[in-house]
Each structure stands twice: as structure tokens, then as C-alpha cells.
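The values are calculated or read from the model by the stated rules, or taken from the named source; none is laboratory data. The shown structure was predicted, so the numbers you read here are calculated from the model rather than taken from an experiment. Cβ: placed from backbone, ideal geometry, glycine included. Neighbour counts: every protein chain shown.
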């Protein structure tokens, strides 16, 4: 299985990376943390670039391409309900902001409810579109860039949006895209830590020359590369109609990506030392986004248990 990117994929990634680098600067991210509503101008720009409609027939691309772009979105810490909007593409207007709540989750939470144009309920019986629902905002969200609200819903509420098979696919592809976001978050945190380690001088030497710091960064790099490979393998299988072990590979990708992002976020804060605990440094935002995404589309422990069950049955 070839995991290297082709020319079109590299160009697509470079175009999105350049765009996000111009928009989501450190200053912009700090400002968004104070006012976390979805930026409609930027959201429309992403939609016009085809980010959310990538796997529709007219685009002719697949999940193997989508995870590449979602990694870039995670790397730039782009806020907003990216995954739900992507999954709903083709069923809602191109510039829609779609959030979701899963009835199978321990707590029925939805992100960016106030900015959303649509809310989708994911249930074992199918997908349902809600226009009337009660919410209760969480006062202190885990990630300051991602406001969340408790949503009061009942199974079967709203207009049917998809079948039970669609709901199962939504959950599988959602976990895969979330894993791709986590790889990006892990890479972004690593990039930030490496840059600081090459600039910060202590005892007349840059701290990146110290063995302890080298080990932290090397461990983070190994986790990122392993998770990225797992995500790309799962995405290639998701595009293959004949593949039978897609769910197993998605579970493995989510476990590895969650670990890469959370452990890498901690390492980033540690490399920054006391600076890592300040609001001005972005290190805390990478860690907090990793913690948030770890809870989305199944926690790592849930996916690990599914993997264990698969192995026990083999």
C-alpha cells in the first residue's frame, strides 16, 4: 500500500496550508478564543475551496484526499464544526454550518450551536435534521475556541436525514476525519515546540541541544508519523468498496491519533517551560484541542475496546 502523496494531493495540501497560514495567525487564534463564533467569511472561503464537498461525485475525490486536508485544518487549529459540515455536504447548502449531537454519546453535546445553520442528530436508527431544539451552553468549555452546549433531543426527533446505514457511515467517517484532525493538531504542536527549542537559550545553548528535550521531540515525531500512517491506511480502505476491515483500521487510527495529539500537546507545553502555561503562547490551545477531539466520535478507550473485541473474535 503506497502512502506517499501524488502531485495533485501535494498541491492541494500546499494551497490550503498557504490559505490557512494567512488567515489563522497566532493573533487571530488568540482573538478567536475570546470571541469563538464561527467566522462566516472564512467558512464560506473554505466551502468555495471545496473542502467540505471533496468526496461528492462532482469532485471525484475520496477520504484519502479528505484526511490530507483535515490534517491541515487541525494543524492550523481552525475552529468550527468541520467534521459535521463535511459529512452533511450535498444535503445542505454549500455554505452551511452544520453541527451534530450523537444520542449514543455519554453526554449530548454539540459545538458552535449558536453559529450553526443546521443540527443533525445521529442515532442508531438514522440521521435526523432538527430546526427546533433546546440548548444549555457550557460555561467553561474544554477548548476556548470551541463553545459547546448540552442539547435536549429524543431519538427520532426531527426530519429524517438518512438511514441507519448512513448513521453508521457517519460515525465511521467522522472518527476517521477526527483522527486526521488530531494528526494535524499533533504536528502543529510539534512544529511549535521545535521552533521554540531552536530559539530559547539556556546556559548559553539553545534548549533543543539538550538530550532531554531531544527525546521529548523525537517521541512526539514518532507518534505523529505512526498516527499519520494509520489514518491514511484507514482512509484508503474507506474508499475501497470491497474492504471488510475498515472499522478496525479506523479504530486503530483514532487510538494512535488521540495519543499523538494529547502526548504531543503535553510535550509542547513542557518544552516551553513556564511560558507554556501562559495564555499568550499557543501551546495550551494545541493541548486543549487535543483533549476536545479525544472525546469526539468515540474516546480512545472505546475504540481500543472495539479493537480488543475484534482480536478476541479472530
Residue in region 183-212 that is nearest to residue 257 (Cα to Cα), counting only those that are in contact with a strand residue (DSSP E or B) (Cβ under 9 Å, 6 or more places away or on another chain) and surrounded by 14 or more Cβ atoms within 10 Å (Cβ to Cβ): 197
For region 277-298, check the following and say yes or no: at least one residue is farther than 21 Å from residue 79 by Cβ and in contact (Cβ under 8 Å) with a residue 12 or more places away in the chain. yes
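Can you go through 36, 106 and tell me which one is farther than 30 Å from residue 225 by Cα and free of Cβ contacts under 8 Å to residues at least 40 places away in the same chain? Even if it seems obvious, please write down each step before you answer.
Numbers: 36 fails: free of Cβ contacts under 8 Å to residues at least 40 places away in the same chain.
After ruling out the rest, the residue left standing is 106.
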Can you tell me which condition residue 38 does not meet? The list is (1) assigned to a helix (DSSP H, G or I); (2) within 20 Å of the chain's Cα centre (by Cα); (3) at pLDDT below 95, and all the others hold. (1)
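Yes/no matrix, rows are residues, columns are (1) buried (at least 16 other Cβ atoms within 10 Å of the Cβ); (2) modelled with pLDDT of 90 or more; (3) farther than 20 Å from residue 56 by Cα:
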{"position": "95", "(1), (2), (3)": "no, yes, no"}
{"position": "106", "(1), (2), (3)": "no, no, yes"}
{"position": "109", "(1), (2), (3)": "yes, yes, yes"}
{"position": "120", "(1), (2), (3)": "yes, yes, no"}
{"position": "127", "(1), (2), (3)": "yes, yes, no"}
{"position": "134", "(1), (2), (3)": "no, no, yes"}
Tabulated pairs, region 263-276, first surrounded by fewer than 21 Cβ atoms within 10 Å (Cβ to Cβ), second not in a helix (DSSP H, G or I), C-beta under 7 angstrom, 6+ apart or interchain: 275/281
Between 164, 180, which is surrounded by fewer than 17 Cβ atoms within 10 Å (Cβ to Cβ) and either modelled with pLDDT of 95 or more or under 21 Å from residue 92 (Cα atoms) (or both)? 164
Subset tally (residues that are within 24 Å of residue 294 (Cα to Cα) and in a strand (DSSP E or B)) for region 127-171: 9
Can you tell me which residue in region 63-90 is modelled with the lowest pLDDT, limited to those that are within 24 Å of residue 240 (Cβ to Cβ) and assigned to a loop (DSSP other than H, G, I, E, B)? 90
By residue number, the members of region 214-240 that are crowded, with 21+ Cβ neighbours inside 10 Å and under 23 Å from residue 6 (Cα atoms) are 224, 227, 228, 230, 231, 232, 234, 235, 237, 238
Taking only region 185-230 into account, find how many residues are within 27 Å of residue 26 (Cα to Cα) and part of a helix (DSSP H, G or I). 31
For region 41-60, which residues satisfy the criterion of being surrounded by fewer than 19 Cβ atoms within 10 Å (Cβ to Cβ) and outside any helix (DSSP H, G or I)? 49, 50, 53, 56, 57, 58, 59, 60
